[in-house]
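Student: Structure provided below as structure tokens; questions to follow.
Only the coordinates and a few stated rules stand behind these numbers; no lab work does. Keep in mind that this is a model prediction, so the values were computed, not measured. Quick reminder, even Gly has a Cβ in these numbers, built from the backbone with ideal geometry, and neighbours come from all protein chains shown.
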Amino acid sequence: MWYSKQLRKVRRARKVAQAQQHQLLNLELEGLVAITLHSTTRTLTVPIERGAGVQVIDLLGQALRERRQVLKAEARQLRQDWQESETLRGRSPSRPDQSLTGEPTAS
């Protein structure tokens, strides 16, 4: 049960990161004009030039790609741990959630 909960959380986080990547692409097409930073007590908005906006988008896009790769590896490890625990319990492990592997699920 714990593994499937964790897998759902990882899948949601990957979907959020993917949606953010799409939003970045849309922002790049429109062109950034300012960046807003938030802390717990302050907000700062900095106007930027188009060239700087492209660099920011590239940097954020790379960070999101890395985040998705880390989440994919985490999901893979969770599935492996689950299968090992099922094997140790003497059960035949069926795959808990295949939607994170990139393989189509049988419906």
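Student: Using packing as a proxy for protection, rank 37-49, 79-91 so that the peptide with the highest average count of other Cβ atoms within 10 Å comes first.
Tutor: The densest-packed peptide leads the list: 79-91, 37-49.
Student: Between Ala34 and Arg12, what is the label-to-label distance in nm when each label sits 7 Å out along the Cα-to-Cβ direction?
Tutor: 3.2
Student: Got the relative contact order for segment 2-87 handy, in percent, Cα pairs under 8 Å and 6 or more residues apart?
Tutor: Rounded, it is 40 percent for segment 2-87.
Student: Could you state the principal axis extents of the C-alpha atoms in segment 1-51, from the largest down, to the nearest angstrom?
Tutor: Taking the Cα atoms of segment 1-51, the three principal extents are 49, 31, 11 Å.
Student: If the convex hull of the alpha-carbon atoms of segment 2-87 is projected onto planes in all directions, what is the mean projected area in square nanometres?
Tutor: 6.9
Student: Separation between the Ile48 and Ser85 pseudo-spin-labels, each 7 Å from Cα along Cα→Cβ, expressed in nm?
Tutor: Distance between the two pseudo-spin positions: 4.2 nm.
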